[in-house]
Every structure is written in C-alpha cells, then in structure tokens.
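This report refers to the structure that appears directly beneath it.
Read the figures in this text as sums done on the coordinates, not as results from a lab. Model, not experiment: these values are computed from the prediction. Cβ placement follows ideal geometry from the backbone for every residue including glycine, while neighbour counts extend to all protein chains displayed.
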C-alpha cells in the first residue's frame, strides 16, 4: 500500500476532527439537533481514517518498505516479525499515531456506550475529544509525519533500538497510552459540564468506570515499564526517578486522587469543584508527560532526539488546553459546585487526606522534574535532581496517606463515629506490632525493615477488618459488590507494594565482581560459579553468553545464561538472566570482558559480572497488578450500568446525611 | 459554626498545612540534592565545588581507557577538547560507554582526579546530551575569548 495514502488519511482525519470539535459544540450551544446528530458519525469516520493510516504504516513495516524514512530508521530485514509490528510505536512519529488511534478508539467507545446520555452533554463531550484529537493531528502532520519518504530507499534499515527489542516494550507504550488517553474522557466530561454550566452526579458516576479503566491501564503500563527497566537495563533497579518515569507517574498520582474524588462526588454529591479540577489536571499531566518524553528537553535514560519545533508545539498546545480549561473553570465552576458537609472523622476526610497527599506528591515530583528545565531557561546552570530528592520526600508524603488508608473504608460517609475508629485503631496497631515482632523473629533486623513490615500489615489489616465488617453487617449477597471488591483489591495491592519496595531495598545483596571461569562468589545465601562465556548467534545479533551455576549449600539451584548482545546496527545490549521467585530473585548480568579471551595469563576469560540476590522484588509488581485488577473490577459494578445514568434526575439521589442509613445500601 | 463553614475551614486548613509542609520540605530537599553539571574547562577553572558531588560531562578521550588489572576499576579521561580531567570509576560501565562518545559522570574531585560513583551513557549512540553539547560549545567560546580559564586554573 502507498504511504502517501496514509498521509492523505491523516489529513482527512484532521478535517473530520475539526468538524467533530466544531459542529456538535455549536449544535449544543444553539440547541440544533441536526448539528448535534453529526457527533457519532464524525467520531467513527475519524477512527476509520486513523486506523487506515495506522494500518498503512504497519504494512510498511511488515513489507520492509525502507522508502519510508520512519521504517528505515526503526526496522531491519532481520528484525523478528513481532518486533516489526511493535516497531510501529518504537519511536516518536509512530507512537503519536498510536496515541491518536487509542484516542479515537476511546471516543468511539463513548459513542457506543454513551449514546443515551443527554444529547447536548454527549455532543459537548464528543466535541471536546474532537478538539484534543485535532491538536494532536495537527502536531503530527506539521512536525512528525511518519509517512515521509526517503529517496533513494536504502537496501536495509538501521534496525530498531535494541533496548526496545524486548517483550516488555511490546506492551509498555500502548498500555501507558491507554492510560494517558483514557483520562481524556474524564477531561471531556469536566469541560462539557463546565461548558453546559451544570454537573449532575449521575454524569460523574457515568465517567467513573472510564477513569478507573484509564488508571488501571496506566498502572499496568508503569508496572511493565518498571519490570522492563529491571531486567533490560541491567542495573537491577526498578525505579530511577528518571524524568520519563516521572512523566507517567504524575498522571498516575492525580488519577488515583481523581478516582477517589469522583467516588465522593458520585456517592455524596460533594467536592464537585475538586473533582472537576482533578479531571482537568489528570489530562493536563498526561499531555505534560507526552511533552516531556517527546520533546527531548530532559536528559534521561530514554534520551529521545532533541526537536525544538516539536517541543514548542506541544508546549503551546498544553498552554491552550490547560490555560483554556482553567479559565473556563474559573468562570464556570461556581455554577456547578456544591455538595454536602461532612464531619472531621468521616470517610470524606480520610479520602481528602489521601487526595491531598497524592496531589502534593505530584506537585513535588513535578517540581523536581521541571526544575532543571527552569534552571536552564533562567541560566542558573545545568542542574539535575536525583533520587535523593524524590525518594525521601515521597516516603514522607505517603506516610499520612498510608496511615489514613485503612480508616477510609472503615469510617462512615459524612459523620464521625469515633467508636468504630477506636476499635479499628486498636486492632490495626496490634496487628502491625505483631507483624513487626514476627518479622524480627524471622530475621528482620533494621528499623527500616521492621517499619516496612508493620506498614504493609497496617494497610492489609485495614482491608481485612473491612472485609470482616462487611461480612458481619451486610446481608448475604450484598456483602461485596464489585466496587467494594475492587477497592479492597487495590488497597491490598498498596500493602503488597509497600512490603516489596521496602524489603527489596533493605534486604538486597548486590555485588559487582570480576570473575575468571571456574571462580565462585558468595552472595546472600547462594554461591554463584562462573563457567565462562561463549558466543551464541541470534536472529539479528550475536551474543556473548555466560554460564553461571547457582548453588545453595552445595545443592544446585539453577543455571543462568546472561548475555551481552551486539546487534546488526552495532549497538550493544545487556540481557540479564534472572531466576524469578515469589520470595526472591537471583539476578546475573554480564559487564565487560576484563582479560583477553584466549592465551595465558591471570585474567584469561575473566569478565565483570553483576550478581544480585533480590528478595521480595516481585511483590512490587505484584502490588501494582493488584491495584490494576482493583481498577478493572470496580468497572463491573452494577452501579455503573447505563440504565442508572440515563434516568432523568428530578430528585437528589443521595439521602440526607443526618438520616439513619443502613450499611447494606451500597455504603462504600 | 455552621457545618458548611466548618467543612470549609477543615478543608482549607488541611490544604494549607499540607502545601506549607510540602513546599518547605521540597525546597529544602531540592537545595541539598541538586547536582550541577560542569565541563572539564569549568572544572579546570576551579568553578566546580570542592568536596561536594557534581556531574562532569564530556567525551571519553581516545586511548585513555585503562582497566586496572584484576579489578573492576577503570581509569579514563573526559575531555571537551580543551581541557582533560582524569576520572576513575570502580564498577561495571554501561553498554554505550565507548571511546569518543559523550558521557555524564557523577562524583567528586579528589586530589585532581574525578572519582565517579555513577557513569551514564545514552541509549542512542549518536545522541549527545544537550548539556554536554552546550558545555563543549561554551568551552570553545571561552577558548576563543582568551585564557581566563587557564589563569584561574593556575591560581589553584
């Protein structure tokens, strides 16, 4: 297929996006039904053209069409087929196309599932999404066209960046983008509410599953990226506070806050203004994330090439979107705000504490990430802000959140019940202390480890107490609705994550050693014997493959084969070998040859090796996966079926806070 | 106090408190954990902090990489083509660490040698971090406009 067709498809999609932005919004404003009726058609039409463009680019990769510059830069004849498909989003231009594709899929999903929303509101939502799409398409066509030709076509391509040739990459960017783009739904809802000047809690309820889905995708995307960095970068770390990681972490933090704020607005009709603001910021940080990663302004391990025009475009776009949204918010928010009061020791307060901590943590991460940029712009010098800034501050900011976390579900909406609190507090403290003592008996010795065990128990005990409470107090069949189940799962994940993050950090044994064939090193409770390195061919690389035999007390555990690959393009890439386990990972990666490979002498065949014993490292990602599952499980809840959202609301749905309420009536 | 006002007061106090604490902590932590990047010319001119960690960026000089036999220690020279700074690093070097390529190292100056605790090379072999490019450009300029750097270096 012809790449120019792809470009044509993009231009047509741009025109449709302009119409999708203009017509439904004007229609909603003038009350014109024919104009509003164009929204679904335009959204579907745009998806068709974007999908066509995406298909054409994929085809160009599949058929090794190196006359397309983007393909020539990111593919190679000997690249395995699955990496050819994932190479489509392996660099800037293609990943933007993927961004667009996902945005349009989300838009059409709203058309399909949201057709019964009030027509004017629905039209505004689609219109706002059209605006988002228009900006990105314009950006792509003017600065980042993936279909540019390269004449004459080279006989072979430069190959995909070897760091990206990994199963982790196949999933990492699409998942992240699902998350980033997913927040555009909450954003569109917020803007549509502000434009229309009214906000019904049913609309917030309707947008909750979308936010949950977006956040769950973002969670698993970050988990995949972290796991990928762990085994692909060969450093054995799982989080580096790298600007690009921060870029995805900021919308995640705001997204987590938004999920809770939306729950308050849905259930209690409160905190409307805050929910709207978070909706705007979740998406703004998604755009900022794209900007930071794609502009190449920040030095990071990801280090994309620098392209000022692109950076300026996204910066202007970001300014328009965020500035415009906040202006609209300032003008219209007083019209749509309102809500119910709540007591100090209520569930709202607990959720608000969590919200505040998440937002402040996001601000802290933003400060550290952008400060070097500001410093450079103001010419105070080239600054970098590293993990010593982010790590301790994040720990401090998350402490109140972790402390408050069990009490959110356990307390009541609106009113304080100190007796419930006291009972819960006694039990949770007792369990956390017991866990700390148990940890000490098992072998934890440092304060850090003991506190980690106690903190993880604190969170998980809260979840368990809540589960018991529901079991006792709610009638059979209504004990654990999906919404509650998802919340419990996600909170449980937080506990697992805390245990993993803290125990890995304090219990890991990491050693960089130089080893001759036949030499052994003792790390943790294990002996690692190095049996030398041999050359092994791969599809588009040749590898130096080491053999490391691991034994414990003389009994064989596993034999690992770490590799050092040299790709056809000449790039070198380390492939760590990992024996993964629930309680510990054994990790070996090859450094460099230290002595000559043949001949005689003391260093013959010697290599430098990284040898790690990393306990509980899987729990970090296990916790993340639980959070993701929690996000998805919530979506299954009956509350969110469209029937409820369509009901015309003449009466306020929520009961008065003073009225006695039964726990059974969907209290969470 | 009526409930609405009470709620607003609680919310406002919570927000103000959290923001105040976070701002204080952040600014404090930022000041302590910022590391500046210097080029070899700037280091030679005595602009880099003494005894405080900083980052040194430049090109790994051709023919300067030597491994101390039997150890993981590597000695090399970082250059901006005007000044050279000897660097020593113990540990495993990144895949893209190569002679003639740009790199950023973090560490401290000790007796005229930069003792690195971290060596960064970039994923993309042809990519030069903008900071390093600027540092080299700046060194070029200073070299043109006179020998200010060298004089300062002599005063050390």
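Peptide A:379-387 has a mean of 6 when you count, residue by residue, the C-beta atoms of other protein chains within 10 Å of its C-beta. Here the spin labels are modelled as points 7 Å beyond Cα on the Cα-Cβ line, and at residue B:21 and residue A:328 they lie 3.5 nm apart. Counting only the Cα atoms, the protein assembly as shown fills a convex hull of 185 Å³ per residue. At an R0 of 22 angstrom, the distance between the Cβ atoms of residue A:149 and residue A:82 translates into a FRET efficiency of 0.25. Take A:456-465, A:27-36, A:158-167, A:251-260 and order them by the average number of nearby Cβ atoms within 10 Å per residue, most first; the result is A:251-260, A:456-465, A:158-167, A:27-36. The slack in the chain from residue A:319 to residue A:580, taken as 0.36 nm per residue of separation less the alpha-carbon distance, amounts to 89.5 nm. Of the residues B:108, A:349, B:73, A:63, the one with the fewest other Cβ atoms within 10 Å heads the list, and the complete ranking is A:63, B:73, B:108, A:349. For the range A:359-407 and the range A:487-501, compute the distance between their C-alpha centroids and round to whole Å. About 22 Å separates the Cα centre of the range A:359-407 from the one of the range A:487-501.
Treating each Cα of the range A:510-619 as an identical point scatterer and summing with the Debye formula, the log10 of I(q)/I(0) at q = 0.20 Å⁻¹ comes to -1.04.
You can think of it this way: the chain between residue A:447 and residue A:62 has 133.1 nm of extra reach, that is 0.36 nm per residue less the Cα-Cα gap.
Going from the residue with the fewest nearby Cβ atoms within 10 Å to the one with the most, B:39, A:193 rank A:193, B:39. Working from label points 7 Å from Cα in the Cα-to-Cβ sense, the residue A:527 to residue B:12 distance is 7.1 nm. For the range A:1-157, the relative contact order comes to 38 percent (Cα pairs under 8 Å, sequence separation of at least 6). What separates the Cα centres of the range A:125-192 and the range A:566-590 is a distance of 29 Å.
Averaged over peptide B:88-97, the number of partner chain Cβ atoms lying within 10 Å of each residue's Cβ comes to 5. Fewest neighbouring Cβ atoms within 10 Å first, the residues A:50, A:635, A:26, A:314 line up as A:26, A:635, A:314, A:50.
Considering Cα pairs under 8 angstrom that are at least six residues apart, work out the relative contact order of the range B:1-119 and quote it in whole percent. Across the range B:1-119, relative contact order equals 22 percent. A helix-only calculation puts the protein assembly as shown at -19500 deg cm²/dmol for mean residue ellipticity at 222 nm, using -39500 (n - 2.57) for each DSSP H run of at least four residues, averaged over all residues.
I need the calculated FRET efficiency for the pair residue A:32 and residue A:198, taking r as the beta carbon distance and R₀ as 25 Å, to the nearest 0.05. In this case the efficiency is close to 0.85.
The distance separating the Cα centre of the range A:47-61 from that of the range B:32-107 comes to 46 Å.
Evaluated on the range A:1-160, the Kirkwood hydrodynamic radius is 16.3 Å, with distances taken between all distinct Cα atoms. For a label point 7 angstrom out from the Cα of residue A:512 toward its Cβ, which stretches of the range A:602-637 have the backbone nitrogen within less than 20 Å? Label zone hits: A:603, A:605-614.
Peptide B:20-31 has a mean of 5 when you count, residue by residue, the C-beta atoms of other protein chains within 10 Å of its C-beta. Label-to-label distance, residue A:558 versus residue B:62, with points set 7 angstrom from Cα along the beta-carbon direction: 4.5 nm.
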